[in-house]
Amino acid sequence: MIQVQPLFAFALVAALLTIVPGIDTSLVLRGALTRGHRYGFATAIGICCGALVWGVAAAIGASALLAASELAYRVLTLAGAGYMIWLGGSLIWKSFRRGADAAAHDLPAMRTADSLGRAWLTGFGTNLLNPKVGVFYLATIPQFIPAGTSPALMGVALAAVHALLSIIWFAAIILATAVVSRWLRSPRAVRIIDRITGAVLVGFGVKLAAFPH
C-alpha cells in the first residue's frame, strides 16, 4: 500500500528543489524561447524521465553504488561533466557559426528540423548524467518510505510526485515565455540566449568535474 502522508511531506521538499533555478530550468527556457513550446515541453519531459530513472534506482537500491563507491561516483561525474561541457560548447559554437543570422530568421523551419526526440534526449541525458540528482534521491527517498510498505513501489510514487511537480513548474515557465517570445526570437536574441545557456552548461560541467561533492 502507498501511504499518502509521506507523499505530501516529500512534495514540500521536492517543490523547493524544483523551483530553485538550475541547469534544468535553463534548458527548458532556452528550448521554449528559441524553438517553441513543443520543444520546451519535450525537453521538460526528458528531464522528468531522467528524474524518474534516478528515483526508481534509489528505491531499489541501485544508486547506493554511488554512495558506496568513490570510483563509480567519479566516473559518472566526469561523464556528466563532459556531456554538459560538450552540450554548452556546441551551443556557443553554433551561435558564432557563419550563417547564424540567416538560420535564426527561419525559426519555423528550425523547429521542424529540430527533432522533438532530440529535445527529449537532451533533457533526459542532462538529468541522468548528473550524479547529484541520484544522491539527492538516495538521501531523501528512504526517509519517506514508512515501515511495512514496499520500498520499490513507494520510491516510484515519490519520484512520480517530483516529476509531476517539475512538469507543472516547467509548464508555467514555458507558457510565461509566450509573452516575450516574439521579441526574444530575433536573430540577435537567439544568439544571446544560446550563449548564456551554453555558458551555464559549461560552467556547471566544469564545477561538477572540479568539485564533484
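Laid out as a table, the results:
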| read-out | value |
| --- | --- |
| Surface accessible to a 1.4 Å probe, Phe96 within the full protein complex, Å² | 130 Å² |
| Cα-projected label distance for Leu7 with Ile60, points at 7 Å along beta-carbon direction, nm | 2.2 nm |
| Inter-probe distance in nm under a simple model that places probes 7 Å from Cα toward Cβ, at Ala176 and Ile192 | 1.8 nm |
| Contour excess over end-to-end distance, with Cα ends at Lys132 and Ala210 and 0.36 nm allotted per residue | 26.7 nm |
| Protection proxy ranking, peptides 151-161, 48-58, average beta carbon neighbours within 10 Å, highest first | 48-58, 151-161 |
| Contour minus Cα-Cα distance for Ala199 and Thr149 (0.36 nm per residue) | 13.6 nm |
| 3J(HN,Hα) from dihedral phi, region 44-51, Karplus parametrisation 6.51/-1.76/1.60, rounded to Hz, x for glycine, proline | 4, 5, x, 4, 5, 5, x, 5 |
| Segment Leu78-Ile167, extension gain: residue separation times 0.36 nm, minus the distance between their alpha carbons | 29.3 nm |
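The values are calculated or read from the model by the stated rules, or taken from the named source; none is laboratory data. Remember, it's a predicted structure, so these values are computed and weren't measured experimentally. Note: ideal-geometry Cβ built from the backbone for every residue, glycine included; neighbour counts use all protein chains shown. Ligands, DNA and RNA are excluded from the accessible area calculation, which covers all protein heavy atoms including side chains. Shrake-Rupley method; radii C 1.70, N 1.55, O 1.52, S 1.80 Å.
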